[in-house]
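The values are calculated or read from the model by the stated rules, or taken from the named source; none is laboratory data. For clarity, every value in this text was computed on a predicted model and none was experimentally measured. Quick reminder, even Gly has a Cβ in these numbers, built from the backbone with ideal geometry, and neighbours come from all protein chains shown. For accessibility, only protein heavy atoms count, side chains too; no ligands or nucleic acids. Shrake-Rupley method; radii C 1.70, N 1.55, O 1.52, S 1.80 Å.
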Amino acid sequence: MLRPAGRLVPGSGILGAVKKHIYIYSPSSAVRDKAAFRRGVSRLKTLGYEVELDEAALASHQRFAGDDETRLAAIHRAAASGADVALISRGGYGLTRILPGINYKAVVKAVDKGTRFVGLSDFTALQSALLAKTGAVSWAGPALGEDFGVEGEPDDIMEACFEDLITGQGEGTGWRLPASAIKEGATRSVPARAGGIFDIKKATLWGGNLAVLTSLVGTPYFPAVKGGILFLEEVHEHPYRLERMLTTLLHAGVLAQQKAIVLGQFTNYKLVPHDKGFKLATVVAWLQKQIKAPVLMGLPFGHVPTKVLLPVGAKVTLAVEGRDAFLLWGHTH
């Protein structure tokens, strides 16, 4: 469950006697902010983790973290590392072009042995392909530089959720639905239950970055999930672009097959005068009119400091009571 964690004290032994092993690799864009990379590594070590850096973590070829073969090899080294967590250094772009070359059997073998593959943004491509090809679970969560490598202290909740994952304590997350969503009727199709309670049980949680996910429609790497809970986030995309991508999922029949759509954070865009009132809330209201499933807002996930970790491909329960929403999955291993 989402909890306002206190600051973790360096050297406090929160992880016990055995250090958890984190493998850092770069499957997408080249690391440009080397200072953030170093801060992230230092922070993880301060928290008591054993950090291993892939040999090509700081490689660079054009805009990528090495050429295609280099990044494929990095993914496969991460799978062979035996780490508790394989964590991306950053997102950007690069995974969609190498999806055919990934050894999914090797990744599944690593997952079965306990390695959690964690990331966001461009990492949605690998997560979606893994789910489509194998059904294996991966984790939507932080990246090294963006989250652990910030100047000052990383976000409390993000670190607490990461600790819950790596120690096997995480069982779910919760958040408060925005009051504006209730007022604007974005959840009007939520099934009525006594006391304002409803839940959706044993539904596959999937999704991630909207642009990356949409780019996979019609390919073998797009998961064919029916009766699922689709979560979405995005950054640097104007609401009209968000609506255009949502229409792709709508016209492809994807949205109609879901039991719920859960919207995370949509950040870093700028409205313009000729929008004339067209905004994110407009898109959400439009989306809810297109489908029968409830559209819920406010999930603390996306390109924001406070982010929870989500098991992509796992069976979950979505429960809502008033403005309180919960995604529950229990122990995943």
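Quick one: Gly172 ticks every box in (1) closer than 17 Å to Glu321 by Cβ; (2) modelled with pLDDT under 95; (3) surrounded by 14 or more Cβ atoms within 10 Å (Cβ to Cβ) bar one, so which box is it?
(2)
Within the set of pairs 6 or more residues apart or between chains, which connect a residue that is of a type in the set (Ser, Thr, Tyr) inside the stretch 171-182 to a residue that is open to solvent by 20 Å² or more (accessible area, probe 1.4 Å) and at pLDDT below 95 with Cβ atoms less than 7 Å apart?
Going by the 7 Å Cβ cut-off, the qualifying pairs are Thr173/Met1; Thr173/Leu2.
Please find, within the stretch 138-167, the residue that is most open to solvent (accessible area, probe 1.4 Å) out of those that are in a loop (DSSP other than H, G, I, E, B) and touching a Ser or Thr at 6+ places or on another chain (Cβ under 8 Å). Lay out the reasoning, then the answer.
At the first step, the residues of the stretch 138-167 found to be in a loop (DSSP other than H, G, I, E, B) are 141-143, 149-155, 167.
When the remaining residues are screened for being touching a Ser or Thr at 6+ places or on another chain (Cβ under 8 Å), the result is 143, 155.
Details: Ala143: 1, Asp155: 37 Å².
By that ranking, first place goes to Asp155.
How many residues are farther than 12 Å from His238 by Cβ, open to solvent by 30 Å² or more (accessible area, probe 1.4 Å) and touching a strand residue (DSSP E or B) at 6+ places or on another chain (Cβ under 8 Å) if we restrict to the stretch 275-298? Walk me through how you get there before you give the answer.
Just the residues of the stretch 275-298 that are farther than 12 Å from His238 by Cβ, to begin with: 276-277, 281, 284-298.
From what is left, the residues that are open to solvent by 30 Å² or more (accessible area, probe 1.4 Å) are 276-277, 285-286, 289-290, 292, 297.
Then keep just the ones that are touching a strand residue (DSSP E or B) at 6+ places or on another chain (Cβ under 8 Å); that gives 297.
Residues that pass the stated criteria total 1.
Are any residues in the stretch 199-213 crowded, with 22+ Cβ neighbours inside 10 Å and touching a Ser or Thr at 6+ places or on another chain (Cβ under 7 Å), and if so, which ones?
Gly208, Asn209, Val212, Leu213
Out of everything in the stretch 228-239 that is in a loop (DSSP other than H, G, I, E, B) and over 17 Å from Val137 (Cβ atoms), what residue ends up being most open to solvent (accessible area, probe 1.4 Å)?
Initially, the stretch 228-239 is screened for residues in a loop (DSSP other than H, G, I, E, B), giving 228, 236-238.
From the residues that got through so far, the ones that are over 17 Å from Val137 (Cβ atoms) too are 236-238.
Values: His236: 124, Glu237: 45, His238: 23 Å².
Residue satisfying both the conditions and the ranking: His236.
Does at least one position in the stretch 150-163 carry a residue that is modelled with pLDDT of 95 or more, touching a helix residue (DSSP H, G or I) at 6+ places or on another chain (Cβ under 8 Å) and under 28 Å from Gly101 (Cα atoms)?
No, every residue in the stretch 150-163 fails to be modelled with pLDDT of 95 or more, touching a helix residue (DSSP H, G or I) at 6+ places or on another chain (Cβ under 8 Å) and under 28 Å from Gly101 (Cα atoms).
List the strands (runs of 3 or more DSSP E) inside the stretch 27-137, counting only whole elements, that have at least 2 residues being open to solvent by 10 Å² or more (accessible area, probe 1.4 Å) and of a type outside the set (D, E, K, R). Walk me through how you get there before you give the answer.
Values: elements: 50-53, 85-88, 116-119.
Of the strands (runs of 3 or more DSSP E) lying wholly inside the stretch 27-137, those with at least 2 residues that are open to solvent by 10 Å² or more (accessible area, probe 1.4 Å) and of a type outside the set (D, E, K, R) span 50-53.
Can you name every residue in the stretch 17-26 that is in contact (Cβ under 8 Å) with a residue 40 or more places away in the chain and either exposed (fewer than 14 other Cβ atoms within 10 Å of the Cβ) or part of a loop (DSSP other than H, G, I, E, B) (or both)?
Taking the stretch 17-26 and keeping what is in contact (Cβ under 8 Å) with a residue 40 or more places away in the chain, we get 20-26.
Selection gives Lys20, Ser26.
Taking the stretch 240-274 on its own, how many of its residues are open to solvent by less than 50 Å² (accessible area, probe 1.4 Å) and without any contact (Cβ under 8 Å) to a residue 24 or more places away in the chain?
Filtering the stretch 240-274 down to residues open to solvent by less than 50 Å² (accessible area, probe 1.4 Å) leaves 242-243, 245-247, 249-250, 253-255, 258, 260-264, 266-267.
Right, trim to without any contact (Cβ under 8 Å) to a residue 24 or more places away in the chain and you get 247, 253.
The total comes to 2.
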